[in-house]
Amino acid sequence: METHNDIQLRPRFYKDVDENIDIVRQKFVEHIKTASPEYLIKIRNNHIQFTIRGEKQKYWSPYLTIELEEQEGNEKNSTHIRGLFGPAQTLWTFFMFLHFIIAGIFLVFSMFAYSHWALHQPIKTDLIIVSLMVVCWVLLYFIGRQTRANGFGQMDELHEEFNKIIG
């Protein structure tokens, strides 16, 4: 799977399997019984979450979220699998929280700058803060890219394990 050249922070993949959705899910259930303690697999209906645990787990370790869907038009004998790599939910939530805080500060000080401009008052401080928020957004983007780059090896490892399970 090509993860290195994508601009997206959460790489995705799709796979079609010529087996019933229950058979595909059962493969994951059976794999849990024999899986290495390095992997944590959680199954809820047609939703599977797959990650690395133990000593290899870091704050940037990726999660592989798998959705199993019945493929239309094949009389329920085929399964469409959607895979999504992403960070831990707590890290993703914190990351999004920072984005919303920065966006809020950006909007508030943009309004202050417009108000001060309309009243012919100095806007230098407002523009400095707005500019800092733009810099923070760019910085968050590059932090996200670096965090994803740290997890490339583990993404490939999870994808290989996924392919081994599917067969």
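Numerical summary
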{"read-out": "Most mobile listed residue (Thr147, Thr65, Thr34) in the chain, GNM with C-alpha springs under 10 Å", "value": "Thr34"}
{"read-out": "Potential extension, Leu140-Ile128 segment - 0.36 nm per residue separation minus Cα distance", "value": "2.5 nm"}
{"read-out": "Whole-number D in µm²/s for the range 1-154 (Stokes-Einstein; Kirkwood sum over Cα pairs; 37 °C, 0.692 mPa s)", "value": "175 µm²/s"}
{"read-out": "Where only alpha carbons of the range 64-144 are counted, the Rg and the Dmax (Å)", "value": "21.8, 70"}
{"read-out": "Net dipole in debye of the chain [+1 Lys, Arg Cβ; -1 Asp, Glu Cβ; about Cα centre; nearest 20]", "value": "700 debye"}
{"read-out": "Debye log10 I(q)/I(0) at q = 0.14, 0.17, 0.18, 0.25 Å⁻¹ for the range 56-103, Cα point scatterers", "value": "-0.56, -0.66, -0.69, -0.89"}
{"read-out": "Most fluctuating residue given options Phe95, Phe109, Phe50, as computed from a GNM of the chain linking Cα atoms under 10 Å", "value": "Phe109"}
{"read-out": "Beta bridges per DSSP with both ends in the chain, % antiparallel, nearest 5", "value": "100 percent"}
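Taken together, the values in this text are just the output of simple stated rules run on the coordinates, not laboratory data. Here the structure is a predicted model, which is why all the values come from computation and not from measurement. Here the Cβ is made from the backbone with ideal geometry for all residues, glycine too, and neighbour counts use every protein chain on show.
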